[in-house]
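The next block holds one structure in the form of structure tokens; read it before the comments.
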Amino acid sequence: MGQRENGVWRATGPLLSVSVLVIGLIATVLSAAALYDAQQDTAGRIMDQRHDAALESIRLETERYRGMVDTLAAGIANDPVTTGDDFDAASRPLVDAALVGAAPVAFVVPMPADRLAATERLWRERGASGPAFRPDPAVGEHYFAVFVRPLDEQEEGPRLGTDLAAVEPIAGTLATARDTRQTTVSDAYVLVRDRRLPTAEQQQSFVFAAPVWTTANTSQFRGWVVAGLRSANFLRDVLDNAGQGQIAGDLISIDSGAHRDVVATWGGDSAGDLHRSGPIRVADRDWILETSGDSRRLSGAAWYLPILALTGGLVLSGLVAWLVHVLATGRARARDQVDEATADLRGAEAESRRQAELLGAIMTTIGDGVSVVDSTGRVLLENPAAKRLLGVTENPAGPSQWQEVYGVYRPDGRTPLPMEEMPLIRALNGEAVDGFEVLIRNPGRPEGVLISIDARPLDPSAGEHGAVAVSRDITELRRYEADLSIFAGVVAHDLKAPLSVARGYAELALDELPDDAAAQDALHRIVKSVDRMDMLIETLLAYTTARHAPLRTVALDPAPLTREIVEDRIAALGPGAAQPDWTIGDLPPVETDPAMLRHILDNLIGNALKYVRPGSVPRVDIAAVPSGRWVRIEVADAGIGIPDADKPYVFESFHRAETAVGYAGTGLGLTICRRIVQRHGGEIGVEDNDGPGGGTRFWFTLPAASPTEPLSADASASADPEIREALAQSMRDRAALIEATRLPGLASPNPLRTPIPGRPSSPQ
């Protein structure tokens, strides 16, 4: 009987082991394939992001080219006599703008053959330099560059004298620009000045040509502003910045004959397995950007995970199949092989432990946050990346503490996320969640971080009901538009004061000089330029970009800063304006960034003095109320007020109440204030002023200063010199960009008021 049983086990043992092996192989292959598909999806999304970012960068940069060429052309059109010095001054901002791939910019004028000598003499008198113009006898009308400015300090000085009417495709581009009165872009070709370079250093380029027509009743054509763009340099910088060195690309131009011409190629591995293509409209031309990337690089450091899973699964399947074979066939000799079988089981256990440790190391290494909870919501696993991303060091006891520990809000940063909408709760209920965006703000993340969460129910093979979530930081992906409007508002507000001073002193000089003084015309031009710049600041808010300065908080006494802002604002009203009534109450010390607090108070106090009824005396009252670890600062006015329907939206970007119609403003000031307050962890709001005269009361909260921390009365003393220099340089760059992008024919409907030097004494 025993021998029969042993025979049965010997016969069924191989069959069982083969079955186990087949099942293990199938499961391993399916798991590895799922991991591979997931990584391919991730690489595809990243490739889409890189490609879209490159397309957007090309569109924005070419729009900058076009805008600056148009602006320079408009400036020349408004100048009745353009000289070399005028062109040099007008084109100088193009150097500071750091245009990508920029070649020299030139002012090109037409010269009829019968007036060539006289025309050349005229432009020589106005400052044109270089060799004599060399007209091509094959053309009837000649085009010569009279003024040229390099945009790269490393470039060799340009050579003049070439007849551009004989150079194609630039001659056709200039003719088209003049006929259509629109900025045009040429087909790709090698710039005339680059043809002197060795063939290996030559690259395909384009030129932007903007016609210069006077704005008189009878327009006259004066020439073209022509700027070159080197495609290889342009594509290199765009892909390095937008693609982060992970994608290659070809820039293709559709020429006037509808032919595709690859004008530039850049990137390391152009033979990647992911490919994208997208069109770009540049002035009157169509470009195409084709990019490629390697999915292994794009998917991150864990690209080998499917291979590892496949290898480990094969090893484990083979091991289990072998164990099944040993157990199934070893009953007949079990007593003789107990020690050997035990040793094998221990080896299998050690291998499994090693695999578990390896998987644990992988979880620790990957950059995405991974969180696993059981059926009650208790956190079973949270890798270091998740703790860093969520800003916590200890796990909450259960879902009831998630809001308290993590600080989970909707993307607006104000509305707490309801428990039933949290991704892990939805996954526990059997729902798959993809790309759910939330804002995390807690003591570990006081500035807030926007994350995208994918959540899934835990696989039943884990042995218990639960859910797993993968979190990624997408703050940078969503920050662009918000930071764009925030810093644009900062630049706009900070530029208005010096513009007011410039205009005020110019008008004072006009009052002191006799009417026939030679400087009268120059001073009038200064006043008009300041007015245009004031309006341009409002118009170009959406096109200015920069990042916030780091938050540098100190214990600050806000009273001196508040008094300085009030006195500066009153001084800017001018001698003819009604002098406001104002009071400053007791202001407790706060923990704040002095520069950012200055911006909040300057905006709110400026609004209180601006939004008043005609004929009324402005009034502003600043007070503060301590509330535990917070200080509530209030700025009340007696102005036009805000309708109840508009109060929930006044802090949104570009929102302006109906009562504000007719008052200058951009709709960004209060948005900036809200962002600054939120960065401090506080709140901001608006309500009706119940004091005399009605009006509005704005309030915001800031952290109270520690009683043991020394106070800083100087609002600028705590600022890091390197940070101040970086901000100053950023504002200088933006100011140059705004000046360079002046729109033709734009006048200011709100002239700046003239400031009077000095400050009035306090009415208190």
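The values are calculated or read from the model by the stated rules, or taken from the named source; none is laboratory data. Since the model is a prediction, treat every value here as computed from it, not as a measurement. Cβ placement follows ideal geometry from the backbone for every residue including glycine, while neighbour counts extend to all protein chains displayed. To get the accessible areas, we keep the full protein, side chains included, count just its heavy atoms, and leave off ligands, DNA and RNA. Shrake-Rupley method; radii C 1.70, N 1.55, O 1.52, S 1.80 Å.
List of remarks:
- Qualifying residue in the stretch 167-176 (condition: assigned to a loop (DSSP other than H, G, I, E, B), in contact with an Asp or Glu (Cβ under 6 Å, 6 or more places away or on another chain) and open to solvent by 20 Å² or more (accessible area, probe 1.4 Å)): yes
- Residue in the stretch 38-56 that is in contact (Cβ under 8 Å) with a residue 60 or more places away in the chain, surrounded by 20 or more Cβ atoms within 10 Å (Cβ to Cβ), within 30 Å of residue 175 (Cα to Cα) and out of contact with any strand residue (DSSP E or B) (no Cβ under 9 Å at 6 or more places or on another chain) present: no
- Scanning the stretch 57-76 for residues that are in contact with a strand residue (DSSP E or B) (Cβ under 7 Å, 6 or more places away or on another chain) and of a type in the set (A, V, I, L, M, F, W, C) returns 58, 69, 72, 73, 76.
- Flag set for residue 171, criterion: in contact with a helix residue (DSSP H, G or I) (Cβ under 7 Å, 6 or more places away or on another chain) and free of Cβ contacts under 8 Å to residues at least 40 places away in the same chain.
- When each of 605, 584 is tested for being at pLDDT 90 or above, surrounded by fewer than 20 Cβ atoms within 10 Å (Cβ to Cβ) and in contact with a helix residue (DSSP H, G or I) (Cβ under 8 Å, 6 or more places away or on another chain), the lone residue that passes is 584.
- All positions within the stretch 608-636 that are surrounded by fewer than 21 Cβ atoms within 10 Å (Cβ to Cβ) and charged (D, E, K, R): 610, 613, 621, 629, 632, 634
- Filtered by the rule that a residue be in a loop (DSSP other than H, G, I, E, B), more than 15 Å from residue 378 (Cα to Cα), touching a strand residue (DSSP E or B) at 6+ places or on another chain (Cβ under 7 Å) and without any contact (Cβ under 8 Å) to a residue 40 or more places away in the chain, the stretch 411-433 gives 415, 417, 430, 432.
- Looking only at the stretch 427-436, residues that are open to solvent by 50 Å² or more (accessible area, probe 1.4 Å) and at pLDDT 85 or above come to 4 in all.
- Evaluation of residue 27 against (1) open to solvent by less than 60 Å² (accessible area, probe 1.4 Å); (2) at pLDDT 80 or above; (3) aliphatic (A, V, I, L, M); (4) under 15 Å from residue 308 (Cβ atoms) (one fails), failing number: (4)
- Residue that is farthest from residue 449 (Cα to Cα), among those in the stretch 351-404 that are acidic (Asp, Glu) and not in a strand (DSSP E or B): 351
- Inter-residue pairs, beta-carbon under 6 Å, first in contact (Cβ under 8 Å) with a residue 60 or more places away in the chain and farther than 21 Å from residue 147 by Cα and in the stretch 202-226, second in a loop (DSSP other than H, G, I, E, B) and of a type outside the set (Lys, Arg), 6+ apart: 204/188
- Qualifying positions in the stretch 414-423 - in contact with a helix residue (DSSP H, G or I) (Cβ under 8 Å, 6 or more places away or on another chain) and surrounded by 14 or more Cβ atoms within 10 Å (Cβ to Cβ): 417, 422
- Condition met for residue 110 (surrounded by fewer than 15 Cβ atoms within 10 Å (Cβ to Cβ) and not in a helix (DSSP H, G or I)): no
- Selected residue (criterion: nearest to residue 475 (Cα to Cα)) from residues of the stretch 390-410 that are open to solvent by 60 Å² or more (accessible area, probe 1.4 Å) and free of Cβ contacts under 8 Å to residues at least 40 places away in the same chain: 410
- Checked against the criterion of being of a type outside the set (D, E, K, R), free of Cβ contacts under 8 Å to residues at least 12 places away in the same chain and part of a helix (DSSP H, G or I), the stretch 65-80 has no qualifying residue.
- Within the stretch 366-380, the set of residues being exposed (fewer than 15 other Cβ atoms within 10 Å of the Cβ) and without any contact (Cβ under 8 Å) to a residue 40 or more places away in the chain comprises 376, 378.
- Boolean, residue 363 is of a type in the set (A, V, I, L, M, F, W, C), more than 28 Å from the chain's Cα centre (by Cα) and open to solvent by 60 Å² or more (accessible area, probe 1.4 Å): no
- Residues of the stretch 547-581 that turn out to be crowded, with 19+ Cβ neighbours inside 10 Å and not in a loop (DSSP other than H, G, I, E, B), as a count: 10
- Residue within the stretch 180-187 that is basic (Lys, Arg), surrounded by fewer than 21 Cβ atoms within 10 Å (Cβ to Cβ) and part of a loop (DSSP other than H, G, I, E, B) present: yes
- For residue 214: the one exception among (1) at pLDDT 85 or above; (2) open to solvent by less than 10 Å² (accessible area, probe 1.4 Å): (2)
- Subset of the stretch 530-546 that is among the hydroxyl-bearing types (Ser, Thr, Tyr) and in a helix (DSSP H, G or I) - its residue that is modelled with the highest pLDDT: 539
- Residues of the stretch 81-100 satisfying the condition of being open to solvent by less than 10 Å² (accessible area, probe 1.4 Å) and outside any helix (DSSP H, G or I): 82
- Residues being outside any loop (DSSP other than H, G, I, E, B) and within 19 Å of residue 72 (Cβ to Cβ) - total across the stretch 194-229: 18
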